[in-house]
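Written out below as structure tokens is the structure these notes cover.
The values are calculated or read from the model by the stated rules, or taken from the named source; none is laboratory data. Since the structure is predicted, the reported quantities are computational estimates derived from the model, not experimental observations. With ideal geometry, Cβ positions are generated from the backbone for all residues, glycine too; neighbour counts draw on all protein chains shown. Areas reflect the complete protein model, heavy atoms only, side chains present, ligands, DNA and RNA absent. Shrake-Rupley method; radii C 1.70, N 1.55, O 1.52, S 1.80 Å.
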Amino acid sequence: MKILLIEDDTDTSRFVTVGLREHGHIVDASADGRDGLFLALEAGYEVIVIDRMLPQIDGLAIVKAVRAAGIKAPVLILTTLGGVNDRVEGLEAGADDYLVKPFAFAELLARVNALARRPPMAAEETLLRVGDLEMNRLKRTVIRAGRRIDLQSQEFKLLEFLMRNAGQIVTRTMLLENVWEFNFDPRTSVVETHISRLRAKVDRDFDRELIRTVRGSGYCLSDAA
């Protein structure tokens, strides 16, 4: 099994790495959050073990970034923070299990093996395409007709939702709930403003408009003539 360990404590990292390798696993170890996140996003691990307190990028931020990229590998968080609220916070960030330091290696091994036995989560599409518009959710890139389009984070989320619902009308309320996570209508122009910005990047200077306003209903992203 291919395992990624992100742990900045040298002794703990060596202890866990040696133990896992002795049990036949392939282990890559990283000592800081930034390099660990890069590996997690690129290398296709079956289980990821992450210390919560890390230099550069903390463990919870790594988990959130990994899940946002659509990576479904189970994640075990190692931490000295053992309170209920800490465990809840870790699980809500997208982790699958939580092990408090200090721990026995036998327990860590059992938890890693248990995570590996879980049925894989349904894989989400990495590539979304509508006509000549392509989004790579893993690499966070958008290309239209061979031309790269640079989007801000919220613009990316908005376009992703439109592409996932291509050909269907999406209402302003749907966008507020799914892109901005508002469970109420704040009566702002945030949707209209972002749609306008997105159109300027996705449709301007191209032969055909993909993002269309459906008067009185909402918006629709479609390649249909």
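Would you point out the residue of the stretch 51-79, among those that are of a type in the set (Val, Ile, Thr) and open to solvent by less than 10 Å² (accessible area, probe 1.4 Å), that is farthest from Leu127 (Cα to Cα)? Break it down into steps so the answer makes sense when it comes.
Residues of the stretch 51-79 of a type in the set (Val, Ile, Thr): 57, 62-63, 66, 71, 75, 77, 79.
Subsequent filtering for residues that are open to solvent by less than 10 Å² (accessible area, probe 1.4 Å) retains 62-63, 66, 75, 77, 79.
Working: Ile62: 22, Val63: 21, Val66: 16, Val75: 23, Ile77: 29, Thr79: 35 Å.
Ranking the candidates gives Thr79 first.
If you check Ala104 against the conditions, is it open to solvent by 40 Å² or more (accessible area, probe 1.4 Å), modelled with pLDDT of 90 or more, within 25 Å of Glu22 (Cα to Cα) and of a type outside the set (Val, Ile, Thr)? Working first, answer last.
Working: open to solvent by 40 Å² or more (accessible area, probe 1.4 Å): yes; modelled with pLDDT of 90 or more: yes; within 25 Å of Glu22 (Cα to Cα): yes; of a type outside the set (Val, Ile, Thr): yes.
Judged against the criteria, Ala104 is a match.
Kindly indicate whether any position in the stretch 28-50 is surrounded by 18 or more Cβ atoms within 10 Å (Cβ to Cβ) and among the polar types (S, T, N, Q).
For the stretch 28-50, residues surrounded by 18 or more Cβ atoms within 10 Å (Cβ to Cβ) and among the polar types (S, T, N, Q): present.
Taking the stretch 161-209 only, how many residues are touching a Cys at 6+ places or on another chain (Cβ under 9 Å) and closer than 21 Å to Asp150 by Cβ? Working first, answer last.
Restricting attention to the stretch 161-209, the residues satisfying the condition of being touching a Cys at 6+ places or on another chain (Cβ under 9 Å) are 162, 165-170.
Within this subset, residues satisfying the condition of being closer than 21 Å to Asp150 by Cβ are 162.
Residues that pass the stated criteria total 1.
Restricting attention to the stretch 86-101, which residues are free of Cβ contacts under 8 Å to residues at least 60 places away in the same chain, in contact with a helix residue (DSSP H, G or I) (Cβ under 9 Å, 6 or more places away or on another chain) and either among the aliphatic types (A, V, I, L, M) or assigned to a loop (DSSP other than H, G, I, E, B) (or both)?
Hits for the stretch 86-101 are Ala93, Gly94, Ala95, Asp96, Leu99, Val100.
Does the stretch 48-71 contain any residue that is out of contact with any Gly (no Cβ under 9 Å at 6 or more places or on another chain), among the charged types (D, E, K, R) and modelled with pLDDT under 95?
Checked the stretch 48-71: no residue is out of contact with any Gly (no Cβ under 9 Å at 6 or more places or on another chain), among the charged types (D, E, K, R) and modelled with pLDDT under 95.
Can you spot a residue in the stretch 138-158 that is hydroxyl-bearing (Ser, Thr, Tyr) and open to solvent by less than 70 Å² (accessible area, probe 1.4 Å)? I'd like the intermediate steps shown before the answer.
The first filter runs over the stretch 138-158 and keeps only residues hydroxyl-bearing (Ser, Thr, Tyr), leaving 141, 153.
Next, only the ones that are open to solvent by less than 70 Å² (accessible area, probe 1.4 Å) stay: 141.
Scanning the stretch 138-158, I find at least one residue that is hydroxyl-bearing (Ser, Thr, Tyr) and open to solvent by less than 70 Å² (accessible area, probe 1.4 Å), so the answer is yes.
Just the residues that are acidic (Asp, Glu) and either over 14 Å from Glu155 (Cα atoms) or open to solvent by less than 50 Å² (accessible area, probe 1.4 Å) (or both), please, taken from the stretch 182-207.
Within the stretch 182-207, the first condition is being acidic (Asp, Glu), and the residues that meet it are 185, 192, 203, 205, 207.
Those that are acidic (Asp, Glu) and either over 14 Å from Glu155 (Cα atoms) or open to solvent by less than 50 Å² (accessible area, probe 1.4 Å) (or both): Asp185, Asp203, Asp205, Asp207.
In this structure, does Met174 turn out to be within 18 Å of the chain's Cα centre (by Cα) and either under 22 Å from Glu46 (Cβ atoms) or free of Cβ contacts under 8 Å to residues at least 60 places away in the same chain (or both)? First the steps, then the outcome.
On the way: within 18 Å of the chain's Cα centre (by Cα): no; either under 22 Å from Glu46 (Cβ atoms) or free of Cβ contacts under 8 Å to residues at least 60 places away in the same chain (or both): yes.
In short, no.
Condition check ((1) free of Cβ contacts under 8 Å to residues at least 40 places away in the same chain; (2) over 24 Å from Phe105 (Cβ atoms)) across all residues:
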residue: Val16; (1), (2): no, no
residue: Glu22; (1), (2): yes, no
residue: Ser30; (1), (2): yes, no
residue: Gly36; (1), (2): yes, no
residue: Ile48; (1), (2): no, no
residue: Asp51; (1), (2): no, no
residue: Ile57; (1), (2): yes, yes
residue: Ala68; (1), (2): yes, yes
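Taking the condition of being open to solvent by 20 Å² or more (accessible area, probe 1.4 Å) and in contact with an Asp or Glu (Cβ under 9 Å, 6 or more places away or on another chain), how many residues in the stretch 208-225 meet it?
Counting residues in the stretch 208-225 that are open to solvent by 20 Å² or more (accessible area, probe 1.4 Å) and in contact with an Asp or Glu (Cβ under 9 Å, 6 or more places away or on another chain) gives 3.
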